[in-house]
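Enquirer: Take a look at this one; I'll ask things after.
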Amino acid sequence: MTEIRFVVVGHHTRSYAAVRLARSLGAHLLIDDENQGANWNHRRAIEWAAQQGCRVVILEDDAEPVEGFRLLISEWLERFPDDLVSFYLGTGRPPQYQKEIAGMLVEADRTRASHIVMSKLIHGVCYSPPQSSLQQIVSRWNQTKAADYAVGDAYGGRVIYPCYSLVDHADLPTVERHPDNEPRTERRRAWRLA
């Protein structure tokens, strides 16, 4: 099993959950104490990951790993060493992708595929960019975008989503001020869990 490190990005209002999650994984912890925002904190996580000599998994403070998370993560990253892998595929947000996701999951079931492929990172709950892409992500970073879009757009490649997510999302009220100022009222849980 190759070495994998973890980093948890957290908001100060959820520091208890962030610390608990980081301790459970032996993860590096980055708390946003000054309401800088998710974009800022995810960039810090990417910069930290770029300094590591191994693959890094980035989790938000409201990620809920499944049983056997570490082993499952390792298997997926060995299978897709050169791809950005998102370990969460969620319902509700963003709404414009939900119909497409439903269709892709039906097709995956029909063909017995274990994952779907999208051209975007649409969730920042738990993901891992390949180590070789981290400097590019930092150099192409757009600080005006939502964190997940900033990562995915700077990466610029396909994103692998296991059909069965390796984390669920604690559907808590959002702490992020979103650029569109739209309330986040949709249910935010995984489509399916491993």
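Enquirer: Among His28, His123, which comes first, second and so on when ranked by fewest other beta-carbon atoms within 10 Å?
Expert: Listed from fewest to most nearby Cβ atoms, that is His28, His123.
Enquirer: From Cα pairs below 8 angstrom and at least 6 apart in sequence, can you work out the relative contact order of segment 1-146, rounded to a whole percent?
Expert: With pairs under 8 Å counted, the relative contact order is 30 percent.
Enquirer: What is the distance, in nm, between label points placed 7 Å from the Cα along the Cα-to-Cβ direction at Asn142 and at His12?
Expert: With each label placed 7 Å out from Cα toward Cβ, I get 3.0 nm.
Enquirer: Next question, about the same structure. Quick one: if the Förster radius is 35 Å, what FRET efficiency do Glu78 and Gln51 give, using the C-beta to C-beta distance and rounding to 0.05?
Expert: The calculated FRET efficiency here is 0.95.
Enquirer: Rounded to the nearest 0.05, what FRET efficiency do Arg112 and Asn35 have when you use their Cβ-Cβ distance and R0 = 30 Å?
Expert: Plugging the Cβ-Cβ distance into 1/(1 + (r/R0)^6) gives 0.10.
Enquirer: Hey, what's the Cα Rg ratio for segment 4-169 versus the globular rule of thumb, 2.2 N^0.38 Å?
Expert: Cα-based Rg divided by the globular estimate yields 0.97.
Enquirer: Enumerate the calculated ³J(HN,Hα) couplings along segment 96-101 in order (Karplus 6.51 cos²θ - 1.76 cosθ + 1.60, θ = phi - 60°), each rounded to whole Hz, writing x wherever the residue is Gly or Pro.
Expert: Result, ordered by residue: 5, 9, 5, 5, 4, 4 Hz.
Each value in this text was obtained by applying a stated rule to the coordinates, not by laboratory testing. Note that the coordinates shown come from a computational prediction; the quantities given were computed from them, not determined experimentally. Don't worry about glycine lacking a Cβ; one is built from the backbone with ideal geometry, like all the others, and counts go over all protein chains shown.
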